[in-house]
Structure formats: structure tokens, C-alpha cells
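Following: one structure in C-alpha cells, then a few remarks.
The values are calculated or read from the model by the stated rules, or taken from the named source; none is laboratory data. Just so it is clear, the structure is predicted and the values come from calculations on it, not from any experiment. Glycine gets a Cβ as well: all are built from the backbone with ideal geometry, and neighbour counts include every protein chain shown.
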Amino acid sequence: MSMTMTQKILAKHAGLDEVHAGQLIQAKLDLTLGNDITAPVAINEFEAAGFDKIFDNRKVVLVMDHFTPNKDIKSATQCKQCRTFAKRFNLKNFFDVGTMGIEHALLPEQGLVAPGEAIIGADSHTCTYGAVNAFSTGVGSTDLGAAMAVGYTWFKVPAAIKVNVTGKKKDFVSGKDVILYLIGKIGVDGALYKSLEFCGEGLKELTMADRLTIANMAIEAGGKNGIFPVDDITREYLKGRVTREWTAYDPDPDAEYESTVELNLDEIDCTVSWPHLPENAKPATEGKNIKIDQIVIGSCTNGRIEDLKAAAEILKGRHLADGVRGIIIPATQSVYREAIKLGYVEIFLDAGCIVSTPTCGPCLGGHMGVLAKGERCVSTTNRNFVGRMGHTESEVYLASPAVAAASGIAGCITHPKEVL
Amino acid sequence: MKAHKYGDHVDTDVIIPARYLASQDEKELALHCMEDIDKNFHAKIKDGDIIVAGLNFGCGSSREHAPVAIKASGISCVIAKSFARIFYRNAINIGLAILECPEAAEDISDGDEVKINFDTGLITNETKNKTYKAEPFPEFIKKMIDDGGLMASLKKK
């Protein structure tokens with residue numbers, strides 16, 4: 001057989017020995033996910049279709065994270081609708097204010113996703129769980145509504161691009177720089193409809209936080225999913241989190257890849273994506289003339305404890321430049337707690353930043369840091385489209401937590417080495 | 001049907017900005033459809049008009065509100081060089097017709113009068129007096145649309 005990691009997982013969930021790119025299959029799902037924006041639409045569809053059962057009350061997960069704690073009456077009403085649904089079907093994994101975190105940081109942290117599993121979520125960044133060798137992909141609300149009822153969905157088996165990772169990470173370089181560099185190389189539709197499968201001896205250089213960030217942004221290259229094989233780093237991460245049995249999937253030695261992209265870590269420095277597409281990637285050192293008004297450190301892409309650590313190491317004993325607002329958003333309650341325990345929160349406050357409760361908030365221009373006309377933000381989030389964080393004439397520059405922190409101190413886009 | 005033309009990588013954040021996502025009301029969503037790249041969109045669209053766009057239409061967020069807003073605006077079809085996959089799936093699921101046809105997407109100009117035969121995939125540009133051939137939907141998708149979308153199709157089972 002000659003299947004990719006993704007194809008093997010899909011074959012297993014479709015009950016088939018083998019699948020090939022382009023084949024249409026029906027696959028069982030291990031988990032379905034919705035949030036406070038997409039789940040209400042899914043619930044409406046579910047109810048309009050006349051369903052009165054869900055397929056498994058442990059596997060239908062709802063996370064209230066986008067406009068929470070609720071920013072207005074409409075968003076409060078949407079959360080209330082989710083809460084009512086969660087009660088009606090006795091959902092075991094309903095995460096409301098107090099237990100919630102940003103969904104794609106929360107689910108891996110809570111051990112809800114494991115190698116070899118098949119997951120859909122009504123959120124485009126559901127592809128994050130490929131970091132732990134799961135097949136996971138974003139869908140819309142109607143797909144979610146149907147899947148919550150029946151526990152399966154249809155897929156077109158994707159072709160794949162192999163990303164062969166080699167070399168060593170330079171100082172200050174993280175998963176964010178790697179994925180921005182890759183998107184810069186292949187473009188925002190470079191992996192359209194396809195899997196991005198990461199392989200190679202360079203993977204040992206990538207921490208689980210790096211991998212989660214990289215898989216998270218596979219969608220920004222148009223990818224259906226991004227996926228890593230299981231190694232010691234994965235096993236160490238899963239220890240104590242995932243207690244159920246799981247199966248790891250490696251690609252077959254003769255797996256068919258449409259193309260191979262060579263990604264040499266030695267060549268990657270701190271990278272920033274200029275407005276208004278994630279593919280506009282340039283070295284951070286080219287941003288000296290870009291004066292900024294705000295930094296945001298958080299999101300499903302970069303709100304984990306490793307991200308806050310990277311920011312804290314740069315902000316420690318330093319202060320934001322005059323006129324720069326610093327917004328730090330730990331992605332989950334446990335990241336928040338850890339950041340307090342490790343002294344990061346104090347470092348951030350001393351540096352002139354604010355520290356928010358977990359929320360997607362400003363990433364999609366919801367609340368907690370929306371930009372005015374003409375304002376610029378260096379953000380560790382995942383999209384810099386027109387109007388993404390606020391006014392259509394505002395600008396978002398995508399970067400790692402280290403670059404965002406350094407830029408906050410300097411008041412312009414800055415490589416961390418220049419402030420240390 | 002008049003064509004309204006846009007470029008590459010039209011993302012779901014500009015199709016329907018997140019600041020309006022606290023609503024699920026399709027009429028309200030339609031009021032703000034495309035406003036971040038085309039302020040006059042809502043005012044100028046007549047029922048049955050089409051959108052013609054470049055590569056990767058509908059990229060970004062998985063929000064189903066995007067095809068819903070386009071459909072509720074009165075748009076009868078989106079023709080693009082290519083679609084982002086989540087948007088593609090969502091459009092079919094909610095019953096918004098979409099056609100991938102690089103040739104038509106390249107050649108049709110803003111304001112051209114266009115006719116589409118969904119059974120054959122034939123696109124006729126009446127202004128330029130030209131035709132283009134798109135791949136019609138495969139059988140199972142046709143069936144899903146005939147059944148009234150994904151939900152109705154599942155209910156039938």
C-alpha cells in the first residue's frame with residue numbers, strides 16, 4: 001500500500017483497507033467541535049432537521065471562546081443557546097466561562113484529541129490537532145449539525161504535500177516563524193484541498209508547542225489538514241493527558257505525495273507576515289520603519305505557556321514603548337494559572353501590558369483590542385486580512401510571541417536580538 | 001444576470017466581517033455582505049446577479065455565515081478560478097450554486113451579462129458573445145442539492 005498518514009487515518013475510519021486521493025468516503029468521527037459563533041447555526045440546523053439525539057455525549061464538544069465573556073446581548077444570547085443545548089443532551093465536554101479556553105489550545109491540553117483520531121470542528125483552525133497525529137479539519141455549521149447527530153461525515157480523500165524538515169532552529173525562532181516562512185514559500189492557496197504532511201530529521205527540533213502552531217496554520221496555506229508523525233516529543237506530551245488507547249500512523253514508505261517542499265530550519269529567521277495576506281512573509285529585520293500602536297500575544301495559534309514564556313523572557317525588566325498598547329491573552333485557564341505561578345503575569349504588568357481572561361477576542365476583531373482606522377498591530381494571531389482586527393484601514397502584522405514582545409518594546413517591528 | 005467581479009483570495013472576513021457574527025439572521029447578514037471590500041455591494045445587487053472571482057474564493061474562517069450572506073443578497077451563483085475547501089463545502093450544504101471555471105473567471109468583466117446552465121455547466125457571456133465550459137456537479141452533489149441540501153438529504157435516509 002502507498003498511503004499518507006492522513007489517508008491511513010481516513011481509511012481506518014471509513015472501514016476500508018485502502019483509500020486513494022480523490023476518493024469520496026464516509027468516515028466515523030471521534031470528536032465534533034463547535035464554538036459560540038458556529039454552534040448556534042449548527043444547533044438550528046440540527047433542530048430544523050428534526051434530530052432529537054446526538055451520537056455521543058462525550059464526543060460532541062462545545063467551547064464558548066470567540067465572543068466570551070460575552071461582549072454584547074447578541075453574543076450572550078448565542079452562548080445561552082449553546083448552554084441550553086449542552087444541558088438538554090448532557091454534554092460532558094461543554095466549556096463555558098470559568099472552564100473554557102480557546103478551543104484549539106484547550107482540546108489538546110485536556111487530552112481530548114489523540115493520535116490516529118478523526119475530528120471535525122466548525123472552525124477553520126481545527127486542523128491544529130494534526131500536531132498530535134490526528135486527522136482534523138474545519139467544516140461549516142451544517143456539516144457540524146449533521147455530524148453531531150450521526151457521528152460520521154463525508155470526505156474527499158486529499159492528495160498531499162510532503163514537507164521535509166531539516167536543519168536546526170536559530171535563536172528566537174519558533175513554530176510561528178517556520179509556518180509563516182512556509183506559507184510565504186507556497187502561498188495562501190499552495191496546499192488548497194491538500195494535506196501538509198511534516199516529515200524529516202528536523203522534526204526533533206520542533207517542540208509540541210511549535211507543532212501545534214504549525215498545524216494550526218495549515219489552513220492559511222489552504223490545506224485541508226496539517227499532520228505530524230508520533231515521536232518521543234509527542235509521547236511525552238500525551239503522557240498524563242490521554243489515557244485511552246491510541247494508534248500512531250506513519251506514512252507508507254512509498255506513500256504518494258504530489259510534491260515535496262524542502263524546509264531547512266537553518267535558513268529560517270524570525271519572520272513577519274505583512275498585511276493583508278499570511279503569505280506576505282518577510283524577515284522581521286525589514287520592519288524597522290513600521291511604527292505600531294498595539295501588540296497582541298495570544299490566540300489558538302500562540303496562546304500556550306511556551307508562547308507566554310518567550311514573551312516574558314523579552315519583556316522582563318523592560319517596558320512597552322510610549323504609545324504602544326500590550327494585550328496578553330493566555331489561551332486557557334491552566335495557561336493563565338501557570339503564567340501567574342511562573343511570574344509571567346507580573347512581568348507583563350510591569351512592562352505595561354494587560355493580561356486578559358482567555359478569549360479569541362481581538363484575533364477576529366470581536367472585542368478586547370479592536371483597531372481604529374490607520375492603527376497597526378503586531379499580533380501572534382493567524383490572519384491579517386482586510387478588517388480582520390477592526391477598521392478596514394487598520395493593519396495586522398503576524399509574528400511570533402518573541403517578535404511581538406520585542407516590537408512592543410521598540411515601538412516598531414523588531415527582531416528580538418535587537419532589544420536584548 | 002449581471003456579473004460583479006472581484007480578485008484573488010476573497011476571504012470570509014470580508015465576505016461577512018466577524019463584527020456581525022453575533023447575528024444568525026440572513027437578512028441582516030446580507031446587509032453587510034462584502035462591505036469591507038465593496039461598500040455598495042448590498043445596494044447594487046439585483047436578484048439573480050452573479051459573483052465572478054479569482055483564486056481561492058472564500059479562504060479563511062469556516063463561518064457558514066459567508067455563503068449564507070451571499071445567497072441572501074440575491075446572488076445566484078459564484079464563478080471562481082478556485083474555491084477554498086471549507087467555503088466550497090458550506091456553499092453546497094446551504095444550497096448556494098458555485099462553479100469552478102478559470103476561463104470564465106478570467107474572461108468575464110464586471111458588468112457583463114451572463115447565463116448559466118447548471119445541468120451542462122455551460123456559461124454564456126451574452127455581452128462578449130462567448131461561452132465557457134465548467135465541470136457540472138457530480139451525481140452525489142446534485143442529489144444532495146435536489147434533496148434540498150445536506151440536512152434534508154440525511155433526513156431522507
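Observations on the model:
- Cβ-Cβ distances below 6 Å connect the following pairs, each with a first residue in the stretch A:194-216 that is in the same structural domain as A:V163 (by TED's automatic domain parsing) and at pLDDT 95 or above, a second residue that is hydroxyl-bearing (S, T, Y) and assigned to a helix (DSSP H, G or I), and a separation of six or more residues or different chains: A:S195/A:T6; A:M208/A:Y237; A:L212/A:T128; A:T213/A:T301; A:A215/A:T128; A:N216/A:T128; A:N216/A:T301.
- Complete set of residues in the stretch B:87-140 that are part of a strand (DSSP E or B) and either of a type in the set (V, I, T) or in contact with a helix residue (DSSP H, G or I) (Cβ under 6 Å, 6 or more places away or on another chain) (or both): B:I98, B:V114, B:I116, B:I123, B:T124, B:T131, B:Y132
- Any hit, the stretch B:117-129, residues being within 14 Å of chain A (Cβ to nearest Cβ) and in contact (Cβ under 8 Å) with a residue 24 or more places away in the chain: no
- Filtering the stretch B:76-98 to residues that are facing chain A (nearest Cβ under 7 Å) and more than 14 Å from A:V188 (Cβ to Cβ) leaves B:R89, B:N90, B:N93, B:I94.
- Enumerated strands (runs of 3 or more DSSP E) restricted to the stretch A:336-415, each holding at least 1 residues that are polar (S, T, N, Q): A:376-379
- Strands (runs of 3 or more DSSP E) wholly inside the stretch A:82-178 containing at least 2 residues that are polar (S, T, N, Q): A:135-138, A:160-166
- Against the list (1) part of a strand (DSSP E or B); (2) surrounded by 20 or more Cβ atoms within 10 Å (Cβ to Cβ), the condition A:E262 fails is (2).
- Top-ranked residue of the stretch A:1-52 - restricted to ones that are within 13 Å of chain B (Cβ to nearest Cβ) and part of a loop (DSSP other than H, G, I, E, B), ranked as nearest to A:E103 (Cα to Cα): A:D36
- Among residues of the stretch A:61-75 that are in a loop (DSSP other than H, G, I, E, B), those with a Cβ under 6 angstrom from a residue that is of a type in the set (S, T, N, Q), sequence gap 6+ or separate chain, pair up as A:D65/A:N35; A:H66/A:N35; A:F67/A:S75; A:T68/A:T359.
- Qualifying residue in the stretch A:240-256 (condition: outside any loop (DSSP other than H, G, I, E, B), touching a residue at least 24 places away in the same chain (Cβ under 8 Å) and either within 25 Å of A:F385 (Cβ to Cβ) or of a type in the set (G, A, S) (or both)): no
- Taken over the stretch B:1-31, the criterion of being basic (K, R) and under 18 Å from B:G48 (Cβ atoms) is satisfied by B:K2, B:K5, B:K27.
- Filtering the stretch A:370-381 for residues that are away from every other protein chain (no Cβ under 14 Å) and among the hydrophobic types (A, V, I, L, M, F, W, C) leaves a non-empty set.
- Residue within the stretch A:164-175 that is in contact (Cβ under 8 Å) with a residue 60 or more places away in the chain and within 14 Å of another protein chain (Cβ to nearest Cβ) present: no
- Residues in the stretch A:154-163 that are within 22 Å of the chain's Cα centre (by Cα) and facing another protein chain (nearest Cβ under 10 Å): A:F155, A:P158.
- Any hit, the stretch A:375-387, residues being surrounded by 22 or more Cβ atoms within 10 Å (Cβ to Cβ), of a type in the set (A, V, I, L, M) and either in the same structural domain as A:D72 (by TED's automatic domain parsing) or farther than 26 Å from A:V178 by Cα (or both): no
- Out of A:S136, A:S141, one residue alone is within 14 Å of chain B (Cβ to nearest Cβ), touching a strand residue (DSSP E or B) at 6+ places or on another chain (Cβ under 6 Å) and either without any contact (Cβ under 8 Å) to a residue 24 or more places away in the chain or within 28 Å of B:L96 (Cβ to Cβ) (or both). It is A:S136.
- Single match in B:V52, B:V14 (criterion: within 10 Å of another protein chain (Cβ to nearest Cβ) and either modelled with pLDDT of 95 or more or surrounded by 23 or more Cβ atoms within 10 Å (Cβ to Cβ) (or both)): B:V14
- When we screen A:I340, A:I329 for residues that are surrounded by fewer than 20 Cβ atoms within 10 Å (Cβ to Cβ), out of contact with any helix residue (DSSP H, G or I) (no Cβ under 6 Å at 6 or more places or on another chain) and not assigned by TED's automatic domain parsing to the domain that holds A:G111, the only hit is A:I340.
- Of all residues making up the stretch B:130-157, the number that are more than 10 Å from every other protein chain (Cβ to nearest Cβ) and of a type in the set (S, T, N, Q): 1
- When A:H125, A:H104 are checked against the criterion of being touching a residue at least 40 places away in the same chain (Cβ under 8 Å), under 20 Å from A:G298 (Cα atoms) and facing another protein chain (nearest Cβ under 9 Å), A:H125 stands alone in meeting it.
- Matching option when the condition is more than 14 Å from every other protein chain (Cβ to nearest Cβ) and under 24 Å from A:G366 (Cα atoms), among A:F67, A:F94: A:F94
- Residue within the stretch A:278-300 that is in a helix (DSSP H, G or I) and either closer than 17 Å to A:L212 by Cβ or at pLDDT below 95 (or both) present: yes
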